[in-house]
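Quick notes on the structure that follows.
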Amino acid sequence: MSAFSRRTFLTVATTIGALTFAGMATAQVPALKQKDTYKVGFAQTESNNPWRIAQTESMKAEAARLGYQLVYTDAAGSAAKQVADVNSMIAQGVDVIFLAPREEKPLIPAVMAAKKAGIPVILLDRSVDPKLAKAGQDYLTFIGSDFVQEGQRVAEWLAKNAGGKTKIIELEGTTGSSPANDRKKGFDEAIKAAGGFEIVASQSGDFARDKGRQVAEALLQAHPDADIIYAHNDEMAIGAISAIEAAGKVPGKDILVLSIDGGKEAVGLVAEGKIAAVVECNPRFGPKAFETMARYAKGEKIEPRVINDDKFYDSSNAKAELANAY
Ligand code: GYE
């Protein structure tokens, strides 16, 4: 190669390199313009419990306060419908999509389709598989609670207050959802580290009251010596209380029940002594969701996770906090 052609080769190679890099740079979250008003999508996963209803109300109220048009869909517990809902929002040309992905993997195609269509996605309350889609690249950010920490807080309470009870039935949330995965991880690791406890059974009740009741009933029969039930949400804990009572036992005395969410009914049950403790999972997303969107439109760099603060309820504060619970 002559000196000239080597230089030409190097120039061409550098140009190709720069183009490749530019190509990768466009593989970023689509931009959002600053505008007076927006058409915004909110793809809800289901509406079968007070937590979901509080979240939807918070999103609708904030959109209305800002005067934005909200395209709202409810996937009714079906990941496949939720993917279709997001595709329909893309077709309607929304500016942003707020997505509460029902499960970690099946919603990946929806995230990628929105990105391809140039619409930024903000994940609300549940996340997607971090190996398949990344914050700041495929979607803007995840806004929600630290689920691992929620599980840890339940375990820490038990380590201090279980009073000799040790045999745990765990009622898991929706299989493949990030809160079920992380609430299990946080709890199981912390309870193991605490020592002296045994998880005698762990099964999904799909975050639903009646499923929780059925699963608790079967597991209490299989493990009559179980004296603690840890439910990944209030609904399953309330179902478990029915199962405990149907088995002729007293919740709060024979069996300690603990849960996550902190809705009014559950906080009331803490005040009554039927639930021992609840970690709140804050459902009031509206203000933070729309503020994050506005910060992005202004050109601010958005952190990959925006974490909500959660309260904790037990017999020491449940009565006083009841009025503030959702
Ligand atoms: O705990 C549960 C709901 O994703 C954090 O989903 C949310 C969970 C919440 O259906 O009750």
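Within the range 65-89, which residues are more than 16 Å from the ligand (Cβ to nearest atom) and either out of contact with any strand residue (DSSP E or B) (no Cβ under 8 Å at 6 or more places or on another chain) or modelled with pLDDT under 95 (or both)?
Answer for the range 65-89, where residues must be more than 16 Å from the ligand (Cβ to nearest atom) and either out of contact with any strand residue (DSSP E or B) (no Cβ under 8 Å at 6 or more places or on another chain) or modelled with pLDDT under 95 (or both): 65, 66, 67, 80, 83, 84, 87.
Residues being within 16 Å of the ligand (Cβ to nearest atom), among the hydrophobic types (A, V, I, L, M, F, W, C) and in a loop (DSSP other than H, G, I, E, B): count how many of those fall in the range 204-244.
Residues meeting the conditions: 2.
Scan the range 112-125 and give yes if some residue there is open to solvent by 10 Å² or more (accessible area, probe 1.4 Å) and closer than 24 Å to residue 312 by Cα, otherwise no.
no
Return the only residue of 310, 225, 314, 254 being modelled with pLDDT under 95 and open to solvent by 20 Å² or more (accessible area, probe 1.4 Å). Talk me through it step by step, then tell me what you get.
On the way: 225 fails: modelled with pLDDT under 95; 314 fails: modelled with pLDDT under 95; 254 fails: modelled with pLDDT under 95.
One residue alone meets the criteria, 310.
Condition check ((1) assigned to a helix (DSSP H, G or I); (2) in contact (Cβ under 8 Å) with a residue 12 or more places away in the chain; (3) under 16 Å from the mean Cα position of the chain (by Cα)) across all residues:
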position	(1), (2), (3)
148	yes, yes, yes
159	yes, yes, no
168	no, yes, no
202	no, yes, no
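Cβ-Cβ below 6 Å, separation at least six or inter-chain, first residue in the range 171-193 and farther than 15 Å from residue 261 by Cα and open to solvent by less than 30 Å² (accessible area, probe 1.4 Å), second within 9 Å of the ligand (Cβ to nearest atom) and at pLDDT 95 or above: which pairs?
Partner pairs satisfying both residue conditions: 177/126.
Taking the conditions exactly as written (open to solvent by less than 10 Å² (accessible area, probe 1.4 Å), of a type in the set (Gly, Ala, Ser), more than 12 Å from the ligand (Cβ to nearest atom) and under 24 Å from residue 212 (Cβ atoms)), does residue 155 satisfy them or not?
Yes, satisfied.
Suppose we filter the range 296-326 for residues that are assigned to a helix (DSSP H, G or I), within 30 Å of residue 33 (Cα to Cα) and over 22 Å from the mean Cα position of the chain (by Cα); how many remain?
Number of matching residues: 1.
Pull up the range 257-283, narrow it to residues that are out of contact with any Ser or Thr (no Cβ under 7 Å at 6 or more places or on another chain), small (Gly, Ala, Ser) and open to solvent by less than 10 Å² (accessible area, probe 1.4 Å), then point me to the one that is farthest from residue 157 (Cα to Cα).
Looking at the filtered set, the residue picked out is 263.
How many residues are surrounded by fewer than 19 Cβ atoms within 10 Å (Cβ to Cβ) and modelled with pLDDT of 50 or more when one looks only at the range 19-31?
Adding up the residues that qualify gives 4.
For the range 135-152: of the residues being over 18 Å from residue 83 (Cα atoms) and among the charged types (D, E, K, R), which is least open to solvent (accessible area, probe 1.4 Å)?
150
Restricting to the range 50-76, name every residue that is open to solvent by less than 50 Å² (accessible area, probe 1.4 Å) and touching a residue at least 40 places away in the same chain (Cβ under 8 Å).
51, 52, 54, 55, 58, 59, 62, 63, 68
Kindly evaluate residue 247 against the criterion of being open to solvent by 10 Å² or more (accessible area, probe 1.4 Å), more than 16 Å from the ligand (Cβ to nearest atom) and without any contact (Cβ under 8 Å) to a residue 40 or more places away in the chain.
yes
Considering each residue of the range 86-120, count those that are closer than 26 Å to residue 175 by Cβ, in contact (Cβ under 8 Å) with a residue 60 or more places away in the chain and touching a Phe, Trp or Tyr at 6+ places or on another chain (Cβ under 7 Å), and give that number.
Total meeting the criteria: 1.
Among the residues of the range 77-99, what is the count of those that are more than 19 Å from residue 209 (Cβ to Cβ), open to solvent by 20 Å² or more (accessible area, probe 1.4 Å) and of a type in the set (Gly, Ala, Ser)?
5
Give the range 170-200 a look and list any residue that's farther than 16 Å from residue 147 by Cβ, touching a helix residue (DSSP H, G or I) at 6+ places or on another chain (Cβ under 6 Å) and in a helix (DSSP H, G or I), or say none.
Within the range 170-200, just 194 meets the criteria.
Please go through the range 266-295 and give me each residue that is part of a loop (DSSP other than H, G, I, E, B) and touching a residue at least 60 places away in the same chain (Cβ under 8 Å), ordered by number.
If the condition is that a residue be part of a loop (DSSP other than H, G, I, E, B) and touching a residue at least 60 places away in the same chain (Cβ under 8 Å), then 276, 281, 282, 283, 284, 285 are the ones that fit.
The values are calculated or read from the model by the stated rules, or taken from the named source; none is laboratory data. Nothing here was measured: the structure is a model prediction, and the numbers come from that model. Glycine also receives a Cβ, built like all others from the backbone with ideal geometry; neighbour counts cover every protein chain displayed. Just the protein is used for accessible areas: all its heavy atoms, side chains included, with ligands, DNA and RNA removed. Shrake-Rupley method; radii C 1.70, N 1.55, O 1.52, S 1.80 Å.
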